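Where a number appears in this text, it was derived from the coordinates with a stated rule and is not lab data. Note that the coordinates shown come from a computational prediction; the quantities given were computed from them, not determined experimentally. Glycine also receives a Cβ, built like all others from the backbone with ideal geometry; neighbour counts cover every protein chain displayed.
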Amino acid sequence: MATDLATKAEYKTYMGITSINSDTEIDFLIPKVSDLVKSYCRRTFVDHVSEIKIEYFDGGFKTLQLKETPIVTIASVAYSEDYGKTYTNLVKYTDWVIQGDSIVSIAHSVFPKAINGYKVSYFAGYDTIPGDLKLAFLDLVEYYSRNNGSVHSSRDLNPNTTQINYVSSTNLPAPIKRVLDQYVADFT
């Protein structure tokens, strides 16, 4: 189940909003911006802290790089000789060990190549979202709320004429992008 990166109450407190006038818009934006941040960073941050994440690998490498970070705990690492039909658990500290956000083979120089050969079940993410990430998320919700779905600037040419300039940039606002870039998962 997808979990939002902040609640409506957190956003309203951050913005100093006390009325219910914008609740519908906030309820719409929070899950959408949560999805945007998760897609941009290539990880979910909170979805697998208490819900198990299962990933499958074909082997052929010394490490199995997990997508969700930080790792909370590894429930199991298993090997299949029948293309994923059945799995046999491997033994921690005999067959594998955790190194950073990866599972490293210690029984062999690499995890032997096998289609759907490895299944890793684990928990990962944050119980509490880091402050800088939470702030960037809340600012991004505010950014979309303020710009009302479109990016534009207006200026009055004279009392009867207003010019609207639409910005054709797909970039995130620089202060938000700087924070999110620190959390982008690197699978290389």
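Could you give me D for region 1-101, from Stokes-Einstein at 37 °C and 0.692 mPa s, where the hydrodynamic radius is the Kirkwood radius over C-alpha pairs? Units µm² s⁻¹, please.
On the way: Rh = 16.8 Å.
The estimated diffusion coefficient comes to 195 µm²/s.
Can you report the principal axis dimensions of the chain using only the alpha carbons, biggest first, rounded to whole angstrom?
77, 33, 27
Excluding same-chain residues fewer than 8 positions from residue 134, which lysines have a Cα within less than 28 Å of its Cα?
Residue 134 reaches 8, 12, 32, 38, 53, 67, 177.
Which of 56, 83, 11 moves most in a GNM of the chain, Cα contacts under 10 Å?
Per the Cα network of the chain with a 10 Å cutoff, 83 tops the list.
May I ask you to list the GluC sites (Glu not before Pro) in region 22-60 that are in a DSSP loop and have at most 14 other Cβ atoms within 10 Å of their Cβ?
51
Hey, can you list the DSSP H helices of the chain whose Cα span along the axis is 24 Å or longer and whose average Kyte-Doolittle score is at least -1.0?
Going by DSSP H runs, the hits are 23-41.
Can you give the alpha-carbon Rg of region 53-124 over 2.2 N^0.38 Å, where N counts its residues?
Normalised Rg, Cα atoms only: 0.98.
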